[in-house]
Structures are given as C-alpha cells and as structure tokens.
Amino acid sequence: MNAERLLARFLQYVQIDTTASESTQAYPSSAGQWELGALLVRQLRELGLDDVQQDEHGLVWATIPATAAGDIPSIAFNAHLDTSPETSGKNVRPQVIRNYAGGDLALPGDPQQVIRVAENPALEALHGATLITTDGTTLLGSDDKAGLAVIVEAAAYLTEHAEIPHGPIRILFTCDEEIGRGVNHVDPEKLAATVCYTLDGSGAGEVDVETFSADLATVTVRGVNIHPSVAKGRMANAVRAAGAFLARLPHDRLAPEATDGRLGFIHPYHFDGGVGQAVIKLILRDFETAQLARHADLLSQLAANVEHAFPGVKVEVAITRQYRNMGDGLAREPRAVEYAEQAHRRLGIAARRTIVRGGTDGALLTEKGLPTPNLSTGQHNPHSRLEWACLEEMVLAARVLVELTQVWSVPPSSVH
Ligand SMILES: [Zn+2]
C-alpha cells in the first residue's frame, strides 16, 4: 500500500468544499460534490477501472474487473462525497503531523481549539503516527473523504497486483449522506453486488453491525388565536400548550443527554410556531425496532394529557418512518460481517463488532436488500473543528479491503 499516495489524495479531497445543504432540494445539494466526483472519475479512469461514470445525480460508479474466473460473488465498496453542514467545510487547511510525539494538539488557526488527549484516548496508542487535523476553523472532512481515499488506494493496489485473484468489485461514491439523501438515487440492481461495505467508520478494526431504528415524530399543536384584549375564555395558546408538552417529556431518561450504549431516546430538536399553531419535531431512536411504537405511544399519551389541560387546544402526533436497524437485515447474510472479521484476522487483528447510535447509508442499503456493514477508516471526531484522521489507520483500512476481496474469492472453509 502506498501511504504517501493515499495521503496526497486525501489532502486533495478535503480541500474541495462538499458541504451538504438541507436548504435546497437540488441533488446533489452542493456544487463541490460534482467537482469532487469528477476528480474521482478522472483518478479511477487513470487506474484503468471499467464502467467509470458520474451519473445524472452526481453518483460515481466504477468496477474493478475480476482477475479470477469462476463464480465469485461481486462485492461493493461505498463512501460518501459530502461533508456535514454542522461545521463549515470551506477553505479546509489540513495540518499534517508526522511522527506524533504525544500530547495535546493546539490548532494554529484558532487558539481556542485544542485536540486533548483526555478527550481523545485513541491518541495514546498513536505515538509515531502521521495525523491530519484542521487549522481549527473548519471541519476536516475525513468523514468521509478518508473512506474515499481508502477505496481509491485499495483499487490502485489491486490494479497494480493483477496476480491477486478476486471477483468483480463495484465502487460507489454517494452524495448527501449527511442530510439523509445518500441512497435516494441508488438502485441496488445497478450495483449488482452480493454485499456492500460502507467505508465510513471511525478509528480502526471496527465492524459496525447495528444502527438505530429511526422514526420522525411531528407534533402539531393547534390553538385559537384572538386579540389578547378580548381573549378571556376564548384564546387557546398553542405556544403554552407546546411548552407544556415539552415539559412533560422525560429528560432524565429516554433522552440523548441521559442515554448511551443500547438505550434509545425521544429527542425534540426543532420548535416553530405561534399562538394559533405550533409544531415540534422529534426523532425517535432505538436499537429494538418494536420500541419505536412505544415511544410513539408515549407521545400520544402526552398529547391527550395536554389537550385535557388546555381546553380548546388540539394536539396531533404524526410518525414518519426513517430507517431500520441494519442488524435485522444483516442477519439474512451472515457472511457480510463474518468475512469482514476474517479479513481483519488475516492481518492479525481481532475486529470488534460495534453499534452505531445513528444511521448509515448501509442501514438504508441493507433495508433495500443489500447487506452493508460499515468499516473503520481512521476518522475521529467527525463534524467538528476538532476532527482528525490517522494515516496509518487509513492504510490499514485499505489493506482490510484487499483482504476482504481474498476472503470473498476463496471463502474460509468453515465460518462460525
Ligand atoms: Zn459519514
């Protein structure tokens, strides 16, 4: 694996602003995603891959042709082009720290921004490594440009080592993952793979095997507005009733501030309204899909409760399905995870099965019938000005992909 070449590509990718934008319905939502996608098309063509294409939605597709005959399942690797709108991704000035000597990392562009070892215990094991940070004024975008660079380096390595036997490998780079639109235009039939791996995980050696199951709740509180001077006995104030609804939500349990591990939550994240009508948006999350209905039931109880306390007010709860725990779908193709673990073992690493307190494009692909666990790529502190990445972990991720192609072409004789 060529670490310097991987690093050079990564630095090139992060300097293209691909911030996703929720304020447009355009797809992709930012011009930079077209620009980065076009760059990747050029690079993949230079490697000599087949079917290299940026489609009408900005998605990038390619195939590493098979080097071995026989009925070898096709596998796919995916990463996303966009970065989170939570922190600016414009004018990213990456800082490369060679031979990290330990200690906190002060970022040169903003003295307030310090990557502290106390908050980043992973740093303690990385003395001597090459780290990449921002200058403290933007995010880095290793989520998910680390994934892009890892996949391109693995593809380069495989094309340079035609003696490595493998089946057809599909590559897909998606847009607008960070705003939940990553697979809107992905047809699993077109990908034509038995399994897919998203390269969008943090650190090293992790295989994400579960995500939350997720619903959105929209609570509409309808009041009666009238001039305050003549309001006695006639006004029903939706702002007050909505406030009461929020106050009745549990906050010392079933809240993101109060839960971790496998515990789910109800999270009010947006409020908008006036006396006549107020709208509260909440996300419902749980690893146990059946619990989502119980969270929704709680909201309905609170709605009835508030209607009773505020005569004239009507409270309506509408639930929209978002995504489902990918563990449910991965159970139908156990090789997806077992072979990923086997690929790590071939490198002398014991992979950890981890769970994501969120969603991934893989959860949506898995729901569409394509089993898609998520793999580590060396990214850390995503969506933040304190984001950083580790080159050695990116190189390891690329080596895992090469080993994965081997496990899929010559499956282990017994898989438990
Ligand atoms: Zn990501």
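Ordered by the count of other Cβ atoms within 10 Å of each Cβ, fewest first, His80, His166, His308 give His308, His166, His80. The Cα atoms of the stretch 328-416 cover 45, 31, 18 Å along the three principal axes, with the biggest extent listed first. Taking the Cα centre of the stretch 279-400 as reference, the dipole from Cβ charges on Lys and Arg (+1) and Asp and Glu (-1) amounts to some 180 debye. Among the trypsin sites (Lys or Arg not before Pro) found in the stretch 207-243, those both in a DSSP coil and sparsely packed, with 16 or fewer other Cβ atoms within 10 Å of their Cβ, are Lys232, Arg234. Considering all C-alpha pairs of the chain, those separated by over 27 Å amount to 55%. Of Arg253, Arg285, Arg9, the sequence from fewest to most neighbouring Cβ atoms within 10 angstrom is Arg253, Arg9, Arg285. Each listed q (0.18 Å⁻¹) maps to a log10 I(q)/I(0) for the stretch 1-74, found by the Debye formula over equal Cα scatterers with no solvent: -0.85. Separation of the stretch 81-114 from the stretch 169-243 is 28 Å, based on Cα centroids. Each pair of Cα atoms in the stretch 168-223 enters the Kirkwood radius, and Stokes-Einstein at 4 °C and 1.567 mPa s then converts it into a translational diffusion coefficient of 87 µm²/s.
Cβ crowding within 10 Å ranks Tyr27, Tyr269, Tyr157 as Tyr269, Tyr27, Tyr157, fewest other Cβ atoms first.
Averaging 1/r over each pair of different alpha-carbon atoms in the stretch 63-166 and inverting the result gives 16.6 Å, the Kirkwood hydrodynamic radius.
Need the C-alpha centroid separation for the stretch 41-67 versus the stretch 317-352, integer Å. Using only Cα atoms, the two centres lie 26 Å from each other.
All of the numbers you see were taken from the coordinates with simple rules; none came from a lab. Just so it is clear, the structure is predicted and the values come from calculations on it, not from any experiment. So basically every Cβ, Gly included, is an ideal-geometry build from the backbone, and we count neighbours across all protein chains shown.
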